[in-house]
Amino acid sequence: MKSFSGKALHWEWRDGVVEVTLDREPANEIGTVLLGELEQFVAAIKSFEAETAACIMHSGQKRGFSAGADLRELYRGAIALPEKERNAGVRDFVVRCHAVANAIDAAPFVTIAAVHGVCFGGGLELALTCDIIVADKMARFAFPELRLGLIPGFGGIPRLKRDLGNAFVRDLLLTGRSVNAARAQSVGLVAQLAGEGEALKVARATAAQVTKFDAIARAAAKKFMKPIPYAELKQEIELFCELFARPAVLAALKKFVESTNAMPYLP
Amino acid sequence: MRTLDQTTQEVVDLASKHFNVPAGSLAPSDDFFKKLGINSLQALELLSRLENHFGIELPDYEVQGVSDFRTLAERIQSRL
């Protein structure tokens, strides 16, 4: 399926490049709708991968690439269920997220995340599945999960460790702070910086360059240089589910959802 | 090296430009959330703007609880 238009995202294939636009108000929070449509995208990959050199993932929402998991949906869903079903439901969601992330990570074509604004939590995890992150200078990156008594649960830690030095990974995770695009580039998280509002333009130029090369060599090089840490990813699922089962997490989610604090996104 | 007053004025000017309010309508002691009617994500946009302008990195936990321009400028000043 070379094009799709859904409630949370749409994609369009043209001239060897597929562009996926995340487009769910207000900030592409990853809940059941967006996840479901990402699963549809992943299922469609086989239908166009042979003719595809690159995939650009970007956001149509002004606030940014993605603010991460839909915590309001997660909380509402969690409190509606008894503990056992709640934990099983969260595990199912996380496993599905991992399957999507692994499929994008392993795609034979080059994947480029064009990031503007906020790229937090699950949003950063989605960007990390891509081979190249292009960020506009106003983009910000964060893993704020510790504030909720959790760790990133969509594959963020193993992928971050794969790509970056541990000192920065520890700082990012243990402080929950956000960093700007320049800092992210200096540590190697972001490959290319773009002017404000220009990330998609730069991503398209990068994709155009990528299309010039031999597809088999390109896919082989990608697979060789970017191993997927499957064992660690499975460990992350277990640790996330173990942490989520604690009452403190539901309390933290409740606090976030009901907060009138002007800055709930800050640590 | 900038003085705190200079830094404060630059912060106020950047905020008024970023949020498209008339220059001079913001004061150093203003609560920027209430005065500008912004939310936390918009505050992070301002933080990016300030970091880019001053060439610094300002961890967001250092601005937790800060709501006026003057105090924000103090946090920035300590990173210059």
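Quick check, is A:Leu189 at pLDDT below 95, surrounded by 18 or more Cβ atoms within 10 Å (Cβ to Cβ) and not aromatic (Phe, Trp, Tyr)?
no
Take the residues of the stretch A:153-171 that are surrounded by fewer than 17 Cβ atoms within 10 Å (Cβ to Cβ) and more than 12 Å from chain B (Cβ to nearest Cβ): which is farthest from A:Met225 (Cα to Cα)?
Applying the filter and picking the extreme gives A:Arg170.
Residue by residue, here is whether (1) more than 29 Å from A:Phe256 (Cα to Cα); (2) of a type in the set (A, V, I, L, M) holds:
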residue	(1), (2)
B:Leu4	yes, yes
B:Gln9	yes, no
B:Leu14	yes, yes
B:Leu26	yes, yes
B:Ile38	no, yes
B:Glu45	no, no
B:Arg49	no, no
B:Leu58	no, yes
B:Asp68	no, no
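For the stretch A:115-133, how many residues meet the condition of being part of a loop (DSSP other than H, G, I, E, B) and either in contact (Cβ under 8 Å) with a residue 60 or more places away in the chain or more than 21 Å from B:Leu46 (Cα to Cα) (or both)?
Of the residues in that region, 4 qualify.
Being at pLDDT below 95, in a helix (DSSP H, G or I) and surrounded by fewer than 17 Cβ atoms within 10 Å (Cβ to Cβ): is that true of A:Lys255 here?
Details: at pLDDT below 95: yes; in a helix (DSSP H, G or I): yes; surrounded by fewer than 17 Cβ atoms within 10 Å (Cβ to Cβ): yes.
Spelling it out, A:Lys255 is indeed at pLDDT below 95, in a helix (DSSP H, G or I) and surrounded by fewer than 17 Cβ atoms within 10 Å (Cβ to Cβ).
Just to verify a result, which residue in the stretch A:172-188, among those that are more than 14 Å from B:Leu50 (Cα to Cα) and of a type in the set (A, V, I, L, M), is farthest from the other protein chains (Cβ to nearest Cβ)?
A:Leu173
Among the numbered conditions (1) assigned to a loop (DSSP other than H, G, I, E, B); (2) modelled with pLDDT of 95 or more; (3) not small (Gly, Ala, Ser), tell me where A:Pro26 comes up short.
A:Pro26 satisfies all of (1) assigned to a loop (DSSP other than H, G, I, E, B); (2) modelled with pLDDT of 95 or more; (3) not small (Gly, Ala, Ser) except (2).
If A:Gly188 satisfies all but one of (1) on the phi < 0 side of the Ramachandran plot; (2) touching a helix residue (DSSP H, G or I) at 6+ places or on another chain (Cβ under 7 Å), what's the number of the condition it fails?
Single failed check for A:Gly188: (1).
Are there any pairs with C-beta distances below 6 angstrom linking a residue in the stretch B:53-65 that is more than 7 Å from chain A (Cβ to nearest Cβ) and of a type in the set (Val, Ile, Thr) to a residue that is part of a loop (DSSP other than H, G, I, E, B) and surrounded by fewer than 18 Cβ atoms within 10 Å (Cβ to Cβ), with the two at least 6 apart or on different chains, and if so which?
Correct list of pairs: B:Ile56/B:Arg79.
Output the number of the condition that A:Leu81 fails; it satisfies all remaining conditions of (1) over 22 Å from B:Asp60 (Cα atoms); (2) free of Cβ contacts under 8 Å to residues at least 60 places away in the same chain; (3) part of a helix (DSSP H, G or I).
Single failed check for A:Leu81: (3).
Quick one: how many residues across the stretch A:59-114 are over 30 Å from A:Gln209 (Cβ atoms) and surrounded by 16 or more Cβ atoms within 10 Å (Cβ to Cβ)?
Final tally of qualifying residues: 19.
Can you name every residue in the stretch B:14-44 that is under 11 Å from the mean Cα position of the chain (by Cα), surrounded by 19 or more Cβ atoms within 10 Å (Cβ to Cβ) and within 13 Å of chain A (Cβ to nearest Cβ)?
Across the stretch B:14-44, the qualifying residues are B:Phe32, B:Ala43, B:Leu44.
Tell me, please, whether a residue that is within 14 Å of chain B (Cβ to nearest Cβ), on the phi < 0 side of the Ramachandran plot and within 11 Å of the chain's Cα centre (by Cα) can be found in the stretch A:94-116.
Yes, there is a match, as at least one residue in the stretch A:94-116 is within 14 Å of chain B (Cβ to nearest Cβ), on the phi < 0 side of the Ramachandran plot and within 11 Å of the chain's Cα centre (by Cα).
How do the helices (runs of 4 or more DSSP H) wholly within the stretch A:134-229 filter down when requiring 3 or more residues that are more than 24 Å from A:Lys62 (Cβ to Cβ) and within 18 Å of the chain's Cα centre (by Cα): which remain?
Once the helices (runs of 4 or more DSSP H) in the stretch A:134-229 are filtered for at least 3 residues that are more than 24 Å from A:Lys62 (Cβ to Cβ) and within 18 Å of the chain's Cα centre (by Cα), what remains is A:156-163, A:166-175.
Could you look through the stretch A:203-222, keep only residues that are touching a residue at least 40 places away in the same chain (Cβ under 8 Å) and within 15 Å of A:Cys130 (Cα to Cα), and pick out the one that is surrounded by the most Cβ atoms within 10 Å (Cβ to Cβ)?
A:Ala203
The values are calculated or read from the model by the stated rules, or taken from the named source; none is laboratory data. No experiment lies behind these values; they were computed from the predicted model shown. Because the Cβ atoms are built from the backbone with ideal geometry, glycine has one as well, and the counts that use them run over all protein chains shown.
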